[in-house]
Each structure stands twice: as structure tokens, then as C-alpha cells.
Amino acid sequence: MGVILEAQGLHYAYPGGGEALAGLDLTVRRGRRLAILGANGAGKTTLLLHLNGTLAPARGHVLLDGAAAGYGRAGRAAWRRRVGLVLQAPDDQLFAASVAEDVSFGPLNLGLSEAEVRRRVGEALAALDIADLAERPPHMLSFGQKKRVAIAGAVAMRPDILLLDEPSAGLDPQGTAHLLAALDHLRGDGATLAFTTHDVDLAWTWADDVALFTAGRVVRQGDAETVLADRDALTATRLRPPFLLELGQKARSCGLLRADEPLPRRSADGLALLDRAENRNHSQI
Ligand SMILES: Nc1ncnc2c1ncn2[C@@H]1O[C@H](COP(=O)(O)OP(=O)(O)O)[C@@H](O)[C@H]1O
Ligand SMILES: [Mg+2]
């Protein structure tokens, strides 16, 4: 599996602050969904700002397709075209008078034709299921709607990699499900996604790969099942194992789930295990 984006030995300190990144290594694999998991203050947002070239590390490198990314004006512009970043607070990203105008801003800046911009905006709004909001002023929308507008703005740039900072923060369960469905749609189109969260259950349900992050370093990275079953690494990161992973392990140990069957990733899969338990009890009577 090819590595599309890589951070090597990043160090960074904010002016007057402590070290926010302290020798950070991370790989993002092409076409995968990566969850960057860590407690508040671990340095996740700082990392994303390095992965799209907004911040330059004091030491270390960011590689795009194996080549060191450049920090000159042109290099950074090209970098940001390939690596889109959606900030945690949509109000930091939205500014135009209408949703359609906001989403067209990036593509217009790329110098695309008006017809191409219109096409991309239409596609991005459809992908995020907000076509009906096109003419609305962003500041009159709900928080969840604003989040989707901010993501549509990034999607309209057709980045190879989309970085999302805490995409589910502030959303209710339905809003989160809605957003994840939209992101699944993007993934179907071949996009590589990386998102930060402190929600282990979200990471388990949705990510292919997981990086555990604490105090400015990645302490463990790999496929979601390997990393999220590593209790010591989770404890070191001040996190607990995902509920459905624990349920699945328990189901295996009591013979409800065969070793070659996948662990439950969605709540429906967990409930199906309870149905099995019920059927087994009936057949034993
Ligand atoms: N603009 C800033 N100025 C100074 N310190 C900052 C700034 N932003 C973040 N920090 C500090 O850097 C560390 C990492 O923060 P951040 O990347 O926001 O973590 P996370 O996103 O995981 O919550 C924290 O100690 C935080 O206080
Ligand atoms: Mg953050």
C-alpha cells in the first residue's frame, strides 16, 4: 500500500509555548481512512497544520509522494491544492455571502473556467447533501450544516488528501452519521482521508488505520484492529478500548464469534451478536 504523505521527526514549539510536536513520525497510506487519536492538547491540530504546509517545523520533514514538500510561495500553494484541510470550527473557514459563493472561492482561485467551477461546486454540494442550501448565507446555518459547507469547500478543490480536524466535534449522533455517510461517498471516489478525534468508538467504526498520539508524538500506528487492541498503548495515550472491539473480543472468547469472523465495527453488528447469544440459549433449552 503506497504512502502518499509522511511526516518525519517533526519538532515544533509555539512562540512562548512548550514543544507541541516532539519528534513526530506519521505515514498516511493512499486511499485509506486514518484516525489520528489523542487527548486534548496532544498536538493533533498542530500536526494537521504541518501536513498541509501552513506551519513549518523547526526540525523534520513532510514528504508528499516521497519528495520533501517546499515552503516557498509556489510550493505551499501546490501543496495545499493536493492536501485539503477542514478546520475544527467552521466559522474560521466560512466568509462569503452565500454557500455557493463560499464553495466556489477555492476553485475560482485555481483559475478554472466558470463552467468548471460551477460543475465542481455542484458536485461538492451534492456530495455533502447540501445542494438545497446553495443560496443561503453561511452564518444563518446550523453548526452541522456549516461543517458540511466547510468540507464542501475543501472537496471542490479535489484534493488528493483531505484532512479533517475533529469532524464530529459538536455534532449530534445523527449529524455525525450524516457527515460520515458523506465522507464515505468521497472515499468511494478514491480520496485519502485523515481525521483527528479523541473518540475511540468513532475511530473503530470508521477508520482503516489509527495513529495514537500523545505529547506531540505518535506512540503507535497501524491498522485499526492491531492498534486499538493494544491496551498498553491506549493507556499511555489516556484512552480506553472501543466498546464494540471489547464486545467482539468477549464474543470470541465465549465462542459466539469465530476467530476468522470480523469483530463488530458498527452497533448493528454488535446487536447481531446478542441475537446469536439469544438463539444459542434457545437451542440449548
Ligand atoms: N496558537 C497557539 N499558541 C501557543 N500554544 C498553542 C497554540 N495552539 C496550541 N498550542 C499548544 O500546543 C499544544 C498542542 O495543541 P493542539 O495542537 O491544539 O492539540 P490538540 O489539537 O491535540 O488538542 C498544546 O499544549 C497547546 O496549548
Ligand atoms: Mg485540536
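A short reminder: the numbers here are calculations on the coordinates, not readings from a lab. Predicted model only: the values in this text are computed from it and were never measured. When we count neighbours, we look across all protein chains shown, and the Cβ atoms used for this are built from the backbone with ideal geometry, even at glycine.
Side notes on the structure shown:
- Just one of the listed residues (E135, E116) is surrounded by fewer than 16 Cβ atoms within 10 Å (Cβ to Cβ), part of a loop (DSSP other than H, G, I, E, B) and acidic (D, E), and it is E135.
- Just so you know, in the range 144-190 the residues that are away from ligand 1 (no atom under 16 Å from the Cβ), under 24 Å from A39 (Cβ atoms) and not in a helix (DSSP H, G or I) include one that is farthest from the chain's Cα centre (by Cα), and it is D172.
- For R158, the requirement of being surrounded by 17 or more Cβ atoms within 10 Å (Cβ to Cβ) and in contact (Cβ under 8 Å) with a residue 60 or more places away in the chain is not met.
- For S104: the one exception among (1) assigned to a helix (DSSP H, G or I); (2) touching a residue at least 40 places away in the same chain (Cβ under 8 Å); (3) surrounded by fewer than 20 Cβ atoms within 10 Å (Cβ to Cβ): (3)
- Of the residues making up the range 36-53, those that are in contact with a helix residue (DSSP H, G or I) (Cβ under 8 Å, 6 or more places away or on another chain) and more than 6 Å from ligand 1 (Cβ to nearest atom) are I36, L37, N52, G53.
- Candidates A58, A42: the one that is under 18 Å from V219 (Cα atoms) and touching a residue at least 24 places away in the same chain (Cβ under 8 Å) is A42.
- Looking only at the range 65-101, residues that are surrounded by 13 or more Cβ atoms within 10 Å (Cβ to Cβ), more than 18 Å from the chain's Cα centre (by Cα) and in contact (Cβ under 8 Å) with a residue 60 or more places away in the chain come to 1 in all.
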